[in-house]
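The values are calculated or read from the model by the stated rules, or taken from the named source; none is laboratory data. On a predicted model such as this, the values are computed, not experimentally measured, just so you know. Cβ sites come from the backbone with ideal geometry, for glycine too, and all protein chains shown count toward neighbours.
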Amino acid sequence: MFVDRKGVKMAAKFSTKEELINKVKTIVGKKVGDYDVDEVLKNPNSKGNIGHVVEQGFFGYNINNDQAPDFENLGIELKVTGYKWVRKEKQVSAKERLVITMVDFFNDINVDFYDSHLFNKIANMLLILYEYEPDKNTYEFIITNYFMYEYENIPEKDKIIIENDWKTINNKIIDGKAHELSEGDTFYLGACPKGANRLSLTSQPFSTEMAMRRAFSLKTTYMTELFRNHISHEYESKESFIKSIKNLKERTFEEIIYETFRPYIGLSLSQIDSLLEEPVQRQNNKQYIRSYIARMMRVQRNHLDSLEEFDKANIQIKTVRLTKYGRLKESMSFPGFDFVEVANEEWETSELREMFSATKFLFVVFKEIDDSIREYEFIGVKLWNMPISDIEGKVRQVWEKTNSILNGELVLNIRNNRVLNNFPKMSDDLLVHVRPHARVRAQTNPLPQSTEIKIESNDNSVDLSYLDGNRFTRQCFWLNSSYVLSVLDGINKKK
């Protein structure tokens, strides 16, 4: 370790990459707390604190926002990041996005990707991984792996998509819309919020509107796929949607998606069958619509929910069925939420905000011809992410009301064999509402201790024993049908 004239610790100098890697090998298997020389982990408000511990306690250099790589003479950036085990401990998942460097609204727009400070950081990154275990103290987390992320060696397809993401972010800044940036705008490379909260604002060059500070980051889902390759070697488990690099060089990812579906717009399912080598079996097939989507995308039906590029980009395919009169057959649900987690969350880091901020949705839309014979017309697709104004506006109001109820009173009114509650409703016109995520009301989840169940009226027609133990019927957030229809308003046969 070197010390400058002011006594400030500086990183040891490594003359070769091999020398640096040999040093890193010695940290594998060690506890994070072993290197907390400055007691960083005792500060609960310190973000990225595990990275700080490794940087200070293991490599011996002070935290900085220098645009140069951490090991400048080697051109190597250091990143410390976590992963966790999911799906009953069978798969790894990135704990969070990998933040690379701040977005400079004024200067990034004036340089090429390969001349940018982002590329300076991302070209060669030494990733040190720790296993995140929610039941353990941070001191006890184990550093388990490391590997080099070398941009020149990642798949050509990934490079093209990342560089197009870079252009998308910069074009939005040039259009004077830096305040509207969202991680959902892009596929692999995101512009994530960076600051204490949504009031951490800065100026932008082409608008007087103040914008949230943002940082370039590799999305959580992209990092998850990276970790699954390097930690559990799941190389062969993903089917690729984009079959041709040449096609990707000539068109954007989004354009390829639209072009894939375009030949089928305006056709009935029966007409689509005539274009397929093997017609879809509709009878006794609850997922027949999904089967058509897979055929149109030219992928295996059982791979539709695990396509390589869609997983990396966090694109969720959502089937939309309209009635003959153009109404949505049902509102759109999302996975059930944990009452305790929602009660203890902060909005800025809430699961709901994260989902809508970081997810793209591919709506695949069919209109009823004759549901009795399962005949529909395919009318188009829409690749969409929720605008930041909606997320920070009405969606936030829904979350705040839900959070407030779970930290206060859950009010029930029982009449005519129905149990009504005071969670946000579709009639509140807040884009999102809360409804049961269970077939029967007795399918419950525990409420937090902060929730008091208050029964305002009860006609004694309902067995309330399912509330015992301070539990309540599973709930989830739903997109209002009217909001989904407004999103799909532009879809027509000319799409």
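Here are the numbers for this structure:
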| read-out | value |
| --- | --- |
| Those residues of segment 159-182 which are hydroxyl-bearing (S, T, Y) and not in a loop (DSSP other than H, G, I, E, B), in sequence order | T168 |
| Considering residues of segment 343-368 that are under 13 Å from T402 (Cβ atoms) and charged (D, E, K, R) only, the residue surrounded by the fewest Cβ atoms within 10 Å (Cβ to Cβ) | E351 |
| Flag if I142 is more than 28 Å from T349 (Cβ to Cβ) and more than 22 Å from the chain's Cα centre (by Cα) | no |
| Test: residue in segment 201-210 that is under 22 Å from the mean Cα position of the chain (by Cα) and surrounded by fewer than 20 Cβ atoms within 10 Å (Cβ to Cβ) | no |
| Members of segment 321-342 found to be assigned to a strand (DSSP E or B), under 30 Å from N407 (Cβ atoms) and in contact with a Ser or Thr (Cβ under 8 Å, 6 or more places away or on another chain), listed by number | M332 |
| Within segment 185-236, tally of residues that are modelled with pLDDT under 90 and aromatic (F, W, Y) | 1 |
| Among (1) assigned by TED's automatic domain parsing to the domain that holds W347; (2) surrounded by 15 or more Cβ atoms within 10 Å (Cβ to Cβ); (3) not acidic (D, E), the one test that I405 misses | (1) |
| Those residues of segment 438-468 which are small (G, A, S) and in a strand (DSSP E or B), in sequence order | S457 |
| Selection from segment 329-342 of residues that are surrounded by 15 or more Cβ atoms within 10 Å (Cβ to Cβ) and within 22 Å of G393 (Cβ to Cβ) | S331, M332, F334, F337, V342 |
| Criterion violated by I27 - all others in (1) touching a Leu at 6+ places or on another chain (Cβ under 8 Å); (2) surrounded by 17 or more Cβ atoms within 10 Å (Cβ to Cβ); (3) modelled with pLDDT of 85 or more satisfied | (1) |
| Failed item, numbered, when I174 is tested on (1) of a type in the set (V, I, T); (2) surrounded by fewer than 20 Cβ atoms within 10 Å (Cβ to Cβ); (3) out of contact with any helix residue (DSSP H, G or I) (no Cβ under 6 Å at 6 or more places or on another chain) | (3) |
| Condition broken by Y325, with the remaining ones in (1) touching a residue at least 60 places away in the same chain (Cβ under 8 Å); (2) out of contact with any strand residue (DSSP E or B) (no Cβ under 7 Å at 6 or more places or on another chain); (3) not acidic (D, E) satisfied | (1) |
| Residue among K329, K394, K360 that is closer than 23 Å to F310 by Cα, of a type outside the set (D, E) and touching a Leu at 6+ places or on another chain (Cβ under 8 Å) | K360 |
| Any hit, segment 387-403, residues being more than 22 Å from the chain's Cα centre (by Cα) and more than 30 Å from Y288 (Cβ to Cβ) | yes |
| Residue check, F366 outside any helix (DSSP H, G or I), aromatic (F, W, Y), touching a residue at least 40 places away in the same chain (Cβ under 8 Å) and more than 30 Å from Y292 (Cβ to Cβ) | no |
| Flag for G195 being crowded, with 21+ Cβ neighbours inside 10 Å, small (G, A, S) and touching a strand residue (DSSP E or B) at 6+ places or on another chain (Cβ under 7 Å) | no |
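Table: residues versus (1) among the aliphatic types (A, V, I, L, M); (2) surrounded by 16 or more Cβ atoms within 10 Å (Cβ to Cβ); (3) under 21 Å from S182 (Cα atoms).
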{"residue": "W399", "(1), (2), (3)": "no, yes, yes"}
{"residue": "K425", "(1), (2), (3)": "no, no, no"}
{"residue": "I453", "(1), (2), (3)": "yes, no, no"}
{"residue": "V462", "(1), (2), (3)": "yes, yes, no"}
